[in-house]
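**Q** Handing you this structure, nothing more for now.
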Amino acid sequence: MERTSSLQFYSDDDFCKSAEIGKSNITFGIIQKVKSYGRTHAIKTFFKNIACNMDIDRKVQFISDFKCPGIGNIGTLIEQSPDIESRVMLSNQLDSFGLKKAKFDWKINEFDNKTIRYTAIEMAKQFSLSGLGAIRLADFILDNNIDIRYSHHAHHMGTTRMSADPRFGVVDSNLKVHGIGNLYIAGSGVFSTGGACNPTMPIIQLCLRLADHLNSQTI
């Protein structure tokens, strides 16, 4: 595993190639306190107000900051394999402007399940061999008959995939839409695979590359 920080690792290319799996971003975390953000912020605020009104805020703070030494969790973001069954479409439902809403159909295939299970089992082996401790794997990791509990993340990619052949993608190597003379796409939609890390920097690089390409064209 390639170490990227004190608690985060990426599976290297040789490991993924030999195991015939996708890349993974593996994070180790010690459970210290309950965190709440995003859509759960309103719930946190609600209970905070109750605690303040009842004058028990110090007691609640003690409970939320209580640490259980040695207890932690391991999570991973995986590089999902391209699947033609996963797609973004227009539904028949209309929004407030009378436009069709987007319909997101997300699929997980057996290759992705293998990536999750193999990476978890190998990580547990290496953890034990290194003398760092024992990892308790979830039942769905060890039993192929149990469905894996996975969830989507924040970055949708690959809906306008780059490919030299229009049968397998939407844009060419210069990000130009196949069959259209002056239409380009710059964004994570052109990624050939989703990867296992945040897409912001590659998007910026693609935009700069496209700008150089367009600037070199004769008007």
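**Q** Would you confirm whether or not the range 164-174 contains a residue that is touching a helix residue (DSSP H, G or I) at 6+ places or on another chain (Cβ under 8 Å) and within 20 Å of residue 200 (Cα to Cα)?
**A** yes
**Q** Still on this structure, please answer the following. Go through (1) within 23 Å of residue 17 (Cβ to Cβ); (2) at pLDDT 90 or above; (3) surrounded by 10 or more Cβ atoms within 10 Å (Cβ to Cβ) for residue 76 and report which single condition fails.
**A** Looking at each condition in turn, residue 76 falls short on (2).
**Q** Could you look through the range 165-204, keep only residues that are on the phi > 0 side of the Ramachandran plot and crowded, with 18+ Cβ neighbours inside 10 Å, and pick out the one that is farthest from the chain's Cα centre (by Cα)?
**A** 175
**Q** Right, here's the next one. Is it the case that residue 154 is surrounded by fewer than 12 Cβ atoms within 10 Å (Cβ to Cβ) and of a type in the set (A, V, I, L, M, F, W, C)?
**A** Yes: the conditions hold for residue 154.
**Q** Looking only at the range 163-179, decide whether some residue is assigned to a loop (DSSP other than H, G, I, E, B) and closer than 23 Å to residue 113 by Cα.
**A** No.
**Q** Looking at (1) in contact (Cβ under 8 Å) with a residue 60 or more places away in the chain; (2) closer than 26 Å to residue 201 by Cα, which is the one condition that is false for residue 155?
**A** (1)
The values are calculated or read from the model by the stated rules, or taken from the named source; none is laboratory data. The model shown is predicted, which means the values in this text are computed figures rather than measured ones. So basically every Cβ, Gly included, is an ideal-geometry build from the backbone, and we count neighbours across all protein chains shown.
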